1. For segment 151-168, name all the residues that are without any contact (Cβ under 8 Å) to a residue 40 or more places away in the chain and within 17 Å of residue 206 (Cα to Cα).
2. Counting just the residues of segment 7-20 that are surrounded by 15 or more Cβ atoms within 10 Å (Cβ to Cβ) and modelled with pLDDT under 85, which one comes out nearest to residue 112 (Cα to Cα)?
3. Under 6 Å between Cβ atoms, which residue pairs at least 6 apart in sequence (or on different chains) link something in segment 191-203 that is more than 16 Å from residue 252 (Cα to Cα) and assigned by TED's automatic domain parsing to the domain that holds residue 166 with a partner that is hydrophobic (A, V, I, L, M, F, W, C) and surrounded by fewer than 18 Cβ atoms within 10 Å (Cβ to Cβ)?
4. Of the conditions (1) surrounded by 15 or more Cβ atoms within 10 Å (Cβ to Cβ); (2) within 60 Å of the chain's Cα centre (by Cα), residue 58 clears all except one; give me its number.
5. Scan segment 187-221 for residues that are of a type in the set (A, V, I, L, M), more than 16 Å from residue 231 (Cα to Cα) and either within 34 Å of the chain's Cα centre (by Cα) or modelled with pLDDT of 90 or more (or both) and report the count.
6. Here is a check on your reading of the model: is residue 98 in contact with a helix residue (DSSP H, G or I) (Cβ under 6 Å, 6 or more places away or on another chain), of a type outside the set (D, E, K, R), over 14 Å from residue 13 (Cβ atoms) and surrounded by fewer than 17 Cβ atoms within 10 Å (Cβ to Cβ)?
Amino acid sequence: MPTARERVTSILYVEDEAEPRELIGNLLSEEHPHIRIIIAADGAEGLALFKEHRPQVVVTDIRMPVMDGLTMAAHIREMDQEVDLIAVSAYSDTSFLVRAIELGFSNYVFKPVNFSKLLTALTRIIKVRELKHRFSEQNERLRQSEQRLQATFDQAAVGVGHVALDGTFLRINDKYCDIAGCSSGTAPATIYDFTHPDDLPACRSHHELLLAGEKRSYSLEKRYVHDGVVVWASLTVSMVQDHAGKDTFMVAIVDDITERKLLEGRIADLNRALSARAEELESANRDLTAFNYTVAHDLRQPLNLISGYCQAVSMTCGKAVNEECREFLQKAYEGTVKMNKLVTALLEFAEMAHVEPKRESVDLSREAEEIAAELARSEPQRQARFVIAPGLSAQGDGQLLRAVLANLLGNAWKYTAQRDETAIEFGSSVHEGKVVFYVRDNGIGFDAEQTKEIFVPFRRLPGAQRRGGFGIGLATVERIIKRHGGEVWAEGEPDKGATFYFSLP
């Protein structure tokens with residue numbers, strides 16, 4: 001390989017005769033304006049200028065005073081083995097020529113100087129140096145590229161191997177050995193080594209398709225087994241071709257996916273467990289639904305019987321019994337009516353768990369106005385003020401959302417009964433970037449600590465027993481809103497009223 005050489009940027013011309021020195025110097029400057037021409041009158045001056053400027057080419061006369069050209073050339077050669085030397089002289093003694101060859105003179109131009117020949121010699125040297133310089137730069141780039149490639153190969157986070165067409169490894173990095181479960185000293189010889197026996201047929205089949213040209217690459221998940229340890233890996237093998245399109249070798253890239261496989265196994269186990277649990281819950285729900293209807297039917301039958309007898313006794317024997325007995329009959333009858341309502345409420349609450357909400361545009365403001373009017377008509381003696389925000393609508397099941405408003409407004413109506421003036425408001429606001437609806441009242445309120453109890457079925461706040469109801473109205477609200485994919489919550493203070501919020505997607 002040729003040694004790296006610099007481009008020609010300066011030429012030293014040494015000539016003791018003034019006239020040719022000036023003439024040749026000027027001609028060289030004109031011919032090569034981009035190259036600096038350095039002029040010296042003898043060998044000693046030439047040597048000093050060489051030490052100072054380090055030109056790449058020296059053109060020198062041989063016989064000169066103070067120091068001749070060969071002596072100067074010998075000193076220069078000791079300092080720079082790569083400098084190009086050209087002799088310009090009428091001196092043609094054999095011993096001189098041998099000495100010039102020993103010193104590495106590449107060209108000899110006889111005097112009187114033929115400038116064309118000198119220029120040809122210089123041009124050839126300049127071109128050769130330029131080619132060698134480019135070749136050196138290219139080699140350096142290739143060396144750096146190979147160095148980067150080797151570093152990438154060695155330090156890659158995945159296993160990388162170059163594989164011959166017969167499946168044997170040409171080179172392999174340490175990561176590949178780690179994944180295969182072996183050390184670099186016991187590295188796999190072929191792409192099949194350490195492969196789990198059950199995975200070998202698929203590996204060989206893909207390899208054959210690659211060699212047949214039916215595919216350019218393949219990927220598969222396989223297992224490596226070494227010393228009883230199983231490692232899951234994702235393997236990708238690609239064919240590499242030369243410039244003529246001929247298959248030369250393959251690149252194999254392998255990544256350890258053992259942890260992912262373990263997680264997939266755990267997820268599959270969890271999914272199976274969840275599926276079994278879901279089936280159990282579905283079965284339990286079916287049983288519960290059947291139980292609810294059975295209980296409702298079995299409860300209603302004796303209730304209807306008791307209710308009927310109470311009415312019959314009251315109608316047929318009303319005048320024969322005293323006032324106290326008639327009062328007992330009335331309370332028994334009212335108890336059956338209340339029990340019937342409770343059974344109905346329980347059935348409706350249970351059904352909410354199975355109803356799939358429809359999606360339609362619901363005018364919430366209109367529904368709220370109708371419910372408010374019904375509440376006002378139910379107790380016309382009360383001083384009540386309803387504030388219903390206009391134009392509020394949402395996407396959801398119209399019948400279910402009406403039930404939400406009926407329960408919230410009815411709850412507010414119930415807990416404001418002791419106020420001199422009832423104030424109930426239905427409106428909307430923005431909470432955490434989302435539109436939420438609310439029902440606000442000036443009723444008895446509740447403690448912040450009781451917030452979690454409000455939506456629990458049959459869990460009633462202190463004092464609620466005096467106001468009727470069964471404790472499932474707000475639980476029904478929560479179930480409906482959650483079935484819609486929304487949220488519901490409440491805020492309140494004792495004796496300062498309460499606000500119930502709900503959001504819908």
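The values are calculated or read from the model by the stated rules, or taken from the named source; none is laboratory data. Just so you know, these numbers come straight off a predicted model, no measurement behind them. As a convention, Cβ positions derive from the backbone with ideal geometry for all residues, glycine included, and neighbour counts pool all protein chains shown.
1. 166, 168
2. Filtering first and then ranking leaves 20.
3. 196/225
4. (2)
5. 5
6. When the stated conditions are applied, residue 98 does not pass them.
Residues are listed down the side, and each one gets a yes or a no for (1) farther than 18 Å from residue 367 by Cα; (2) surrounded by fewer than 17 Cβ atoms within 10 Å (Cβ to Cβ); (3) modelled with pLDDT of 85 or more:
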| site | (1), (2), (3) |
| --- | --- |
| 406 | no, no, yes |
| 420 | yes, yes, yes |
| 428 | no, no, yes |
| 442 | yes, no, yes |
| 451 | yes, yes, no |
| 473 | no, no, no |
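Okay, residues lined up against (1) β-branched (Val, Ile, Thr); (2) part of a helix (DSSP H, G or I); (3) touching a strand residue (DSSP E or B) at 6+ places or on another chain (Cβ under 6 Å); (4) under 23 Å from residue 247 (Cβ atoms):
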position	(1), (2), (3), (4)
162	no, no, yes, yes
206	no, yes, yes, yes
210	no, yes, yes, yes
221	no, no, yes, no
